[in-house]
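Report on the structure given below.
The values are calculated or read from the model by the stated rules, or taken from the named source; none is laboratory data. Everything numeric here is computed off the predicted structure, so don't read it as measured data. Using ideal geometry, Cβ is built from the backbone for each residue, glycine included, and neighbour counts are taken over all protein chains shown. Note: accessible area is taken over every heavy atom of the protein model, side chains too, but ligands, DNA and RNA are not part of it. Shrake-Rupley method; radii C 1.70, N 1.55, O 1.52, S 1.80 Å.
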Amino acid sequence: MSMRTEGLSINLATVRQQWNLVRHGITCVDPWRDQIAAVGLDTAVKAIKDNGMCVSGICRGGMFPAADAAGRQTAIDDNKRAVDEAAALGADCLVLVAGGLPQGSRDIGAARQMVMDGMAALLPHARASEVPLALEPLHPMYAGDRACVNTLKQALDMAGQLGDDVGVAIDVYHLWWDPELEAQIARAGREKRILGYHICDWLVPTKDLLLDRGMPGDGVIDLPRIRGWIEKAGYKGPTEIEIFSAKDWWTRPGDEVLKTCVERYAATFSDGAGKTGETR
Ligand code: ZN
């Protein structure tokens, strides 16, 4: 309990069953919209306020591509509601996952344009609500079904076309392999676009494309090195642990998962973080 939790946020995908994190010293969370819906927005807002918690983001909006105009409009309308939820919770940002190809399509370029158009349509409402939009590039293995935005460079290029106030969420799980990552993180810092920073680990072997993320320290991502780049880029927001793990961490008691998150957070960045070098 005395572990240092300053700067730590828990993405509530990590512990889907549990809201009260305060006893672990965790004061910052990123809830998913289905979790908010399950308890009701008012209850979620009250739980956050009563516990004096910060909300590092809301997961997630986006999923803009659709086969026809009506489908794309439905997505935009849903994203407006996500903005409203983020505003009610006082979230630092709304995390956007682009969406993949519409059913039957092989045109990834068109899907990417739909993401641009969807974000452009959402922006006025987000600005009026003072909710920053954070586009999160996902690993290219999800390009077909989840996200046709796959590198930080691509996300920054899109954000740049949309406006100075459009940001990105940097999730090491999706981006750790990219030879341009260091340079693009530096660019994101210069452009003041880093709105979120998510960590977990890449397991070798990875047994499931979606639901086999590792606890920090259990995989091959050089977390201290990337954190060094993030800090050098001027990011001062929370470090959010986000783990989808159907066969491992999701099967364990929430208290054990949270305790492990806190321990690994402290151990992984114990040398003052920003230093590059050996993880362990
Ligand atoms: Zn993420």
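Summary of computed values
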quantity: Condition broken by R127, with the remaining ones in (1) part of a loop (DSSP other than H, G, I, E, B); (2) surrounded by fewer than 17 Cβ atoms within 10 Å (Cβ to Cβ); (3) in contact (Cβ under 8 Å) with a residue 24 or more places away in the chain satisfied; calculated: (1)
quantity: Filtered residue count, the stretch 9-64, keeping only those that are of a type in the set (S, T, N, Q) and open to solvent by less than 60 Å² (accessible area, probe 1.4 Å); calculated: 6
quantity: Among residues of the stretch 92-120, those that are open to solvent by less than 10 Å² (accessible area, probe 1.4 Å) and more than 21 Å from G144 (Cβ to Cβ), counted; calculated: 2
